[in-house]
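Below you'll find the structure I mean.
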Amino acid sequence: MPESAQPPTPPRILDAALAHPAPAPGPALDAILAHNEQTLPSSDDTPMADGRVQQVPLDYSRDSLRYHFRGQRDRMAVEGDMFVYYVGEDRRGKPAISSVAPDIYVVFGVPDRPDRDSYVLYHEPDAKIRFVLEIASKSTRARDHGHKRHLYASLRVAEYFLFDPPTASGPARVTGLTLSDGRYNEMPQVILPNGRRGVRSEVLQLAVYAREGRLRWHDPASGQDLLDYEELHRLRDEADAEAAAARDQAEARVAELEALLKARDQDSSPG
(Lines give C-alpha, C1' and ligand atoms only; values in the text may rest on other atoms or scores of the structure.)
Protein backbone atom coordinates (compact mmCIF):
# COMPACT_ATOMS: atom_id res chain seq x y z
CA MET A 1 0.00 0.00 0.00
CA PRO A 2 1.46 3.41 -0.89
CA GLU A 3 2.52 5.47 2.12
CA SER A 4 -0.04 8.18 1.30
CA ALA A 5 -2.86 5.62 1.33
CA GLN A 6 -2.09 4.12 4.74
CA PRO A 7 -4.61 4.81 7.50
CA PRO A 8 -3.55 7.36 10.11
CA THR A 9 -1.89 6.05 13.24
CA PRO A 10 -4.25 6.23 16.22
CA PRO A 11 -3.14 9.13 18.41
CA ARG A 12 -2.14 8.87 22.02
CA ILE A 13 -5.05 9.58 24.33
CA LEU A 14 -4.23 13.07 25.51
CA ASP A 15 -5.00 14.56 28.85
CA ALA A 16 -8.23 16.48 28.30
CA ALA A 17 -7.40 19.90 26.85
CA LEU A 18 -9.77 22.80 26.41
CA ALA A 19 -11.67 22.83 23.16
CA HIS A 20 -10.06 25.02 20.52
CA PRO A 21 -12.37 27.98 19.84
CA ALA A 22 -11.44 28.39 16.16
CA PRO A 23 -8.73 26.03 14.85
CA ALA A 24 -6.95 27.44 11.82
CA PRO A 25 -6.86 25.34 8.63
CA GLY A 26 -3.56 23.62 8.05
CA PRO A 27 -1.65 20.35 8.41
CA ALA A 28 -2.30 20.06 12.16
CA LEU A 29 -6.06 20.33 11.70
CA ASP A 30 -5.98 18.06 8.63
CA ALA A 31 -4.24 15.35 10.68
CA ILE A 32 -6.98 15.58 13.30
CA LEU A 33 -9.82 15.46 10.79
CA ALA A 34 -8.32 12.32 9.23
CA HIS A 35 -9.26 10.37 12.35
CA ASN A 36 -12.74 8.95 12.88
CA GLU A 37 -14.58 6.48 15.09
CA GLN A 38 -12.94 3.53 13.32
CA THR A 39 -9.34 4.76 13.69
CA LEU A 40 -9.56 6.19 17.21
CA PRO A 41 -9.13 4.02 20.33
CA SER A 42 -12.32 3.14 22.17
CA SER A 43 -10.58 2.37 25.46
CA ASP A 44 -7.40 3.30 27.30
CA ASP A 45 -7.54 -0.01 29.26
CA THR A 46 -7.45 1.92 32.53
CA PRO A 47 -9.71 0.47 35.25
CA MET A 48 -12.19 2.83 36.87
CA ALA A 49 -10.76 4.53 39.92
CA ASP A 50 -12.03 3.75 43.41
CA GLY A 51 -14.20 0.80 42.37
CA ARG A 52 -17.78 0.75 43.58
CA VAL A 53 -17.67 4.33 44.88
CA GLN A 54 -18.08 5.40 41.26
CA GLN A 55 -19.37 2.22 39.63
CA VAL A 56 -22.63 1.88 41.59
CA PRO A 57 -23.98 5.42 40.94
CA LEU A 58 -22.64 5.27 37.36
CA ASP A 59 -24.50 2.04 36.57
CA TYR A 60 -27.67 3.28 38.27
CA SER A 61 -27.59 6.61 36.42
CA ARG A 62 -26.89 5.13 33.00
CA ASP A 63 -29.45 2.32 33.26
CA SER A 64 -32.26 4.33 34.86
CA LEU A 65 -31.84 7.27 32.46
CA ARG A 66 -31.80 4.96 29.44
CA TYR A 67 -35.01 3.33 30.64
CA HIS A 68 -36.62 6.70 31.41
CA PHE A 69 -35.80 8.08 27.94
CA ARG A 70 -36.41 4.80 26.08
CA GLY A 71 -39.09 6.42 23.91
CA GLN A 72 -36.68 9.05 22.59
CA ARG A 73 -33.84 6.85 21.36
CA ASP A 74 -34.29 8.09 17.81
CA ARG A 75 -33.00 11.54 18.80
CA MET A 76 -30.96 11.18 22.00
CA ALA A 77 -28.56 8.83 23.74
CA VAL A 78 -27.40 8.27 27.30
CA GLU A 79 -23.76 7.22 27.51
CA GLY A 80 -21.36 6.38 30.29
CA ASP A 81 -17.59 6.19 30.49
CA MET A 82 -17.21 6.42 26.68
CA PHE A 83 -14.68 8.61 24.88
CA VAL A 84 -15.67 11.94 23.40
CA TYR A 85 -13.15 13.27 20.87
CA TYR A 86 -12.87 16.92 19.95
CA VAL A 87 -10.43 19.44 18.53
CA GLY A 88 -8.52 20.70 21.54
CA GLU A 89 -5.92 23.34 22.09
CA ASP A 90 -2.43 22.41 23.27
CA ARG A 91 -0.17 24.51 25.49
CA ARG A 92 1.06 26.47 22.47
CA GLY A 93 -2.47 27.24 21.30
CA LYS A 94 -2.22 24.80 18.39
CA PRO A 95 -5.07 22.42 17.50
CA ALA A 96 -4.63 18.91 18.92
CA ILE A 97 -6.87 15.87 19.05
CA SER A 98 -8.21 15.57 22.59
CA SER A 99 -10.60 13.32 24.44
CA VAL A 100 -12.56 13.05 27.64
CA ALA A 101 -14.73 10.23 29.02
CA PRO A 102 -17.48 11.67 31.25
CA ASP A 103 -18.99 9.28 33.76
CA ILE A 104 -22.49 10.01 32.40
CA TYR A 105 -23.50 12.25 29.52
CA VAL A 106 -26.59 12.81 27.43
CA VAL A 107 -26.31 13.54 23.70
CA PHE A 108 -29.09 15.19 21.74
CA GLY A 109 -29.53 15.33 17.97
CA VAL A 110 -28.37 11.80 17.12
CA PRO A 111 -30.02 8.40 17.60
CA ASP A 112 -28.90 5.93 20.25
CA ARG A 113 -26.55 3.52 18.49
CA PRO A 114 -25.74 0.32 20.41
CA ASP A 115 -22.63 -0.36 18.29
CA ARG A 116 -21.07 3.03 18.96
CA ASP A 117 -17.47 3.11 20.24
CA SER A 118 -17.07 6.85 20.77
CA TYR A 119 -18.31 10.30 19.79
CA VAL A 120 -16.04 12.20 17.40
CA LEU A 121 -17.60 15.64 17.67
CA TYR A 122 -15.76 17.20 14.73
CA HIS A 123 -17.36 14.58 12.45
CA GLU A 124 -20.80 14.74 14.12
CA PRO A 125 -21.99 18.35 14.09
CA ASP A 126 -25.51 17.27 15.07
CA ALA A 127 -24.33 15.57 18.27
CA LYS A 128 -24.91 18.04 21.10
CA ILE A 129 -23.68 17.03 24.55
CA ARG A 130 -25.95 19.04 26.79
CA PHE A 131 -25.66 17.24 30.13
CA VAL A 132 -22.69 15.71 31.96
CA LEU A 133 -22.54 14.05 35.37
CA GLU A 134 -19.20 13.30 37.02
CA ILE A 135 -19.04 11.04 40.07
CA ALA A 136 -16.16 12.26 42.20
CA SER A 137 -13.79 10.14 44.25
CA LYS A 138 -10.62 10.64 46.25
CA SER A 139 -8.51 10.49 43.11
CA THR A 140 -10.79 12.54 40.83
CA ARG A 141 -12.47 15.15 43.06
CA ALA A 142 -10.02 17.99 42.47
CA ARG A 143 -10.01 17.40 38.72
CA ASP A 144 -13.80 17.07 38.50
CA HIS A 145 -14.33 20.36 40.34
CA GLY A 146 -11.45 22.15 38.65
CA HIS A 147 -10.14 21.31 35.21
CA LYS A 148 -13.27 19.54 33.94
CA ARG A 149 -15.41 22.50 34.89
CA HIS A 150 -13.43 24.61 32.40
CA LEU A 151 -13.29 21.81 29.85
CA TYR A 152 -17.04 21.22 29.69
CA ALA A 153 -17.64 24.95 29.54
CA SER A 154 -15.32 25.13 26.52
CA LEU A 155 -17.33 22.29 24.92
CA ARG A 156 -20.50 24.30 25.62
CA VAL A 157 -22.15 21.60 27.73
CA ALA A 158 -25.32 23.30 29.01
CA GLU A 159 -25.35 21.58 32.42
CA TYR A 160 -22.57 19.99 34.45
CA PHE A 161 -23.56 18.04 37.55
CA LEU A 162 -21.21 16.58 40.15
CA PHE A 163 -21.91 13.96 42.79
CA ASP A 164 -19.54 13.79 45.76
CA PRO A 165 -20.06 10.55 47.72
CA PRO A 166 -19.92 10.80 51.53
CA THR A 167 -16.51 11.01 53.19
CA ALA A 168 -15.23 11.05 56.74
CA SER A 169 -15.33 14.83 56.61
CA GLY A 170 -18.79 15.36 55.16
CA PRO A 171 -22.03 13.94 53.73
CA ALA A 172 -22.79 13.23 50.09
CA ARG A 173 -23.42 16.30 47.97
CA VAL A 174 -24.91 17.08 44.57
CA THR A 175 -23.76 20.19 42.72
CA GLY A 176 -25.42 21.48 39.57
CA LEU A 177 -23.83 24.02 37.24
CA THR A 178 -25.51 25.79 34.35
CA LEU A 179 -23.67 27.50 31.50
CA SER A 180 -24.14 31.23 31.00
CA ASP A 181 -21.90 33.44 28.83
CA GLY A 182 -19.30 30.70 28.65
CA ARG A 183 -19.06 30.25 32.42
CA TYR A 184 -20.73 27.90 34.89
CA ASN A 185 -22.91 29.22 37.66
CA GLU A 186 -24.02 27.02 40.54
CA MET A 187 -27.71 26.11 40.52
CA PRO A 188 -29.77 26.48 43.70
CA GLN A 189 -30.87 23.55 45.82
CA VAL A 190 -34.66 23.15 45.72
CA ILE A 191 -37.23 21.17 47.66
CA LEU A 192 -38.38 18.26 45.50
CA PRO A 193 -41.90 16.75 45.49
CA ASN A 194 -40.59 13.96 47.76
CA GLY A 195 -39.52 16.52 50.37
CA ARG A 196 -35.79 16.09 49.72
CA ARG A 197 -33.36 18.83 48.76
CA GLY A 198 -31.78 18.43 45.35
CA VAL A 199 -30.86 20.11 42.09
CA ARG A 200 -33.17 20.14 39.09
CA SER A 201 -31.85 19.69 35.56
CA GLU A 202 -33.73 21.86 33.10
CA VAL A 203 -32.15 19.93 30.22
CA LEU A 204 -33.45 16.55 31.39
CA GLN A 205 -36.47 17.76 33.39
CA LEU A 206 -35.28 15.52 36.21
CA ALA A 207 -33.68 16.17 39.58
CA VAL A 208 -30.69 14.71 41.38
CA TYR A 209 -30.35 14.40 45.14
CA ALA A 210 -28.52 12.34 47.77
CA ARG A 211 -30.36 9.84 49.97
CA GLU A 212 -28.52 7.93 52.67
CA GLY A 213 -25.26 8.76 50.93
CA ARG A 214 -26.41 7.49 47.56
CA LEU A 215 -27.16 9.35 44.36
CA ARG A 216 -30.82 9.31 43.36
CA TRP A 217 -32.65 10.53 40.26
CA HIS A 218 -36.13 11.96 40.76
CA ASP A 219 -38.88 12.70 38.25
CA PRO A 220 -40.80 15.78 39.49
CA ALA A 221 -43.60 15.12 36.98
CA SER A 222 -44.47 11.73 38.51
CA GLY A 223 -43.17 12.43 42.00
CA GLN A 224 -41.23 9.15 41.83
CA ASP A 225 -37.56 8.25 41.86
CA LEU A 226 -36.05 6.46 38.88
CA LEU A 227 -35.50 2.86 39.89
CA ASP A 228 -32.38 0.74 39.66
CA TYR A 229 -32.39 -2.86 38.45
CA GLU A 230 -32.77 -4.31 41.94
CA GLU A 231 -35.78 -2.11 42.65
CA LEU A 232 -37.33 -2.87 39.25
CA HIS A 233 -36.91 -6.61 39.77
CA ARG A 234 -38.42 -6.40 43.25
CA LEU A 235 -41.45 -4.50 41.93
CA ARG A 236 -41.84 -7.01 39.11
CA ASP A 237 -41.62 -9.90 41.57
CA GLU A 238 -44.24 -8.25 43.76
CA ALA A 239 -46.47 -7.63 40.74
CA ASP A 240 -46.04 -11.24 39.61
CA ALA A 241 -46.87 -12.48 43.10
CA GLU A 242 -50.00 -10.29 43.23
CA ALA A 243 -51.05 -11.47 39.77
CA ALA A 244 -50.53 -15.10 40.78
CA ALA A 245 -52.54 -14.62 43.98
CA ALA A 246 -55.37 -12.94 42.04
CA ARG A 247 -55.30 -15.77 39.50
CA ASP A 248 -55.48 -18.38 42.28
CA GLN A 249 -58.39 -16.55 43.87
CA ALA A 250 -60.20 -16.39 40.52
CA GLU A 251 -59.62 -20.07 39.87
CA ALA A 252 -60.81 -20.95 43.37
CA ARG A 253 -63.96 -18.86 42.85
CA VAL A 254 -64.63 -20.53 39.50
CA ALA A 255 -64.22 -23.96 41.12
CA GLU A 256 -66.57 -22.91 43.92
CA LEU A 257 -69.24 -21.76 41.46
CA GLU A 258 -68.88 -24.91 39.39
CA ALA A 259 -69.35 -26.98 42.55
CA LEU A 260 -72.50 -24.98 43.46
CA LEU A 261 -73.93 -25.44 39.96
CA LYS A 262 -73.21 -29.16 40.07
CA ALA A 263 -74.86 -29.49 43.46
CA ARG A 264 -77.90 -27.53 42.25
CA ASP A 265 -78.20 -29.74 39.18
CA GLN A 266 -78.09 -32.82 41.37
CA ASP A 267 -80.76 -31.42 43.70
CA SER A 268 -83.06 -30.61 40.79
CA SER A 269 -82.66 -33.99 39.10
CA PRO A 270 -85.70 -36.40 39.29
CA GLY A 271 -85.33 -38.81 42.19
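Would you mind putting 154-161, 106-113 in packing order, based on average other-beta-carbon counts within 10 Å, highest first? If you can, show how the numbers build up before the last one.
Numbers: 154-161: 20.5, 106-113: 16.6.
In decreasing order of mean packing, 154-161, 106-113 become 154-161, 106-113.
Just the number, please: carbon plus sulfur as a percent of the accessible area of region 52-206, 1.4 Å probe, no ligands or DNA/RNA counted. Walk me through the numbers on the way to the answer.
Values: 3580 of 7520 Å².
Of the solvent-accessible surface of region 52-206, carbon and sulfur hold 48 percent.
Of 95, 118, 105, which is farthest along the charge dipole of region 88-129 in the positive direction, counting Lys and Arg as +1 and Asp and Glu as -1 at C-beta?
Result: 95.
Leaving ligands and nucleic acids out of the surface, order 105, 122, 67 by accessible area at 1.4 Å, largest first. Present the calculation step by step, with values, prior to reporting the outcome.
On the way: 105 0, 122 45, 67 105 Å².
Accessible-area ranking of 105, 122, 67, largest first: 67, 122, 105.
Separate question: Taking a ≥ b ≥ c as the square roots of the Cα gyration tensor eigenvalues, with a/c under 1.5 meaning rounded and otherwise prolate when a/b beats b/c, else oblate, which class fits region 50-112?
Numbers: a/c = 4.91, a/b = 1.48, b/c = 3.32.
The shape class here is oblate.
Moving to a separate point now. I'd like to check one number: the per residue accessible area of region 14-146, probe 1.4 Å, reported in Å² as a whole number. Walk me through the intermediate numbers first.
Values: 6640 Å² over 133 residues.
Per-residue accessible area for region 14-146 comes out at 50 Å².
The values are calculated or read from the model by the stated rules, or taken from the named source; none is laboratory data. None of these values were measured; they are calculated from a predicted model. Reconstructed Cβ throughout: ideal geometry from the backbone, glycine too, with neighbour counts over all protein chains shown. Note: areas computed on protein heavy atoms with side chains; ligands, DNA, RNA excluded. Shrake-Rupley method; radii C 1.70, N 1.55, O 1.52, S 1.80 Å.
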